[in-house]
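K.L.:
Got a structure for you, written out below as structure tokens; questions coming shortly.
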Amino acid sequence: MGCPRSFSISGGMGAALLRKPELIADILTTLRRNLDIPVTCKIRLLKCPQDTVELARRIEKTGVSAVAVHGRKVADRPRDPAKWNEIADIVAALSIPVIANGDVFEYGDFERIKVATGATSVMAARGALWNASIFSPVGKLDWEDVKRQYVRKVEYPMGQ
């Protein structure tokens with residue numbers, strides 16, 4: 001439910017589901033009832049912060065193991081700053097793990113967003129696509145070195 005792209009929304013998928021809390025609850029409850037693996041979901045912020053908290057509470061009641069929250073509203077663009085404070089409101093309202101997402105571009109951002117939101121864990125998307133060494137505590141690595149290391153791991157998995 002995090003994808004705001006028109007192809008998703010026009011098909012009633014992705015962030016379009018955010019307008020249908022009953023359907024969200026039904027989908028998640030059905031998944032929980034029929035799967036023997038943890039079920040999680042990802043949402044975006046709604047127009048009103050309190051509405052997002054209420055949706056997150058409703059999602060929690062379905063029995064999901066965790067919820068990821070992208071700190072932007074559907075209409076927000078990537079250049080708009082993620083609203084970490086609204087993620088913090090959701091964290092405070094739930095008893096299940098919350099995964100914070102939005103504006104994680106370098107290694108230090110993982111700790112910054114966790115501290116700012118109180119989230120259990122962090123999800124990175126664009127930052128990881130733009131900087132494959134985002135997960136390295138030593139900082140940004142040379143792109144050519146990263147590519148060589150990746151190819152080595154793919155060619156010889158598990159040290160073979």
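K.L.:
Give the residue that is nearest to V67 (Cα to Cα), with candidates limited to residues of region 18-40 that are crowded, with 17+ Cβ neighbours inside 10 Å and under 16 Å from the mean Cα position of the chain (by Cα).
P.N.:
Here the answer is V39.
K.L.:
Examine region 133-140 for a residue that is surrounded by 17 or more Cβ atoms within 10 Å (Cβ to Cβ) and either within 17 Å of P4 (Cα to Cα) or touching a strand residue (DSSP E or B) at 6+ places or on another chain (Cβ under 9 Å) (or both), and state whether such a residue exists.
P.N.:
So far as region 133-140 goes, no, none of its residues is surrounded by 17 or more Cβ atoms within 10 Å (Cβ to Cβ) and either within 17 Å of P4 (Cα to Cα) or touching a strand residue (DSSP E or B) at 6+ places or on another chain (Cβ under 9 Å) (or both).
Per-residue answers, yes or no, for (1) touching a residue at least 60 places away in the same chain (Cβ under 8 Å); (2) surrounded by 20 or more Cβ atoms within 10 Å (Cβ to Cβ); (3) in contact with a Lys or Arg (Cβ under 7 Å, 6 or more places away or on another chain); (4) farther than 16 Å from T40 by Cα:
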{"site": "D80", "(1), (2), (3), (4)": "no, no, yes, yes"}
{"site": "A93", "(1), (2), (3), (4)": "no, no, yes, yes"}
{"site": "P97", "(1), (2), (3), (4)": "no, no, no, no"}
{"site": "D109", "(1), (2), (3), (4)": "no, no, no, yes"}
{"site": "I113", "(1), (2), (3), (4)": "no, yes, no, yes"}
{"site": "S121", "(1), (2), (3), (4)": "no, no, no, no"}
{"site": "R126", "(1), (2), (3), (4)": "no, no, no, yes"}
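K.L.:
Would you pick out the residues in region 89-137 that are over 21 Å from A56 (Cα atoms), under 16 Å from the mean Cα position of the chain (by Cα) and outside any loop (DSSP other than H, G, I, E, B)?
P.N.:
D109, F110, E111, R112, R126, G127, A128, L129
K.L.:
Pairs only if they're at least six apart or on different chains, beta carbon under 6 angstrom, first in region 41-67 and within 18 Å of W84 (Cβ to Cβ) and buried (at least 18 other Cβ atoms within 10 Å of the Cβ), second modelled with pLDDT under 95 and among the β-branched types (V, I, T); list them, first residue then second.
P.N.:
Pairs that qualify, where the first residue is within 18 Å of W84 (Cβ to Cβ) and buried (at least 18 other Cβ atoms within 10 Å of the Cβ) and the partner is modelled with pLDDT under 95 and among the β-branched types (V, I, T), are R44/V74.
The values are calculated or read from the model by the stated rules, or taken from the named source; none is laboratory data. Everything numeric here is computed off the predicted structure, so don't read it as measured data. As a convention, Cβ positions derive from the backbone with ideal geometry for all residues, glycine included, and neighbour counts pool all protein chains shown.
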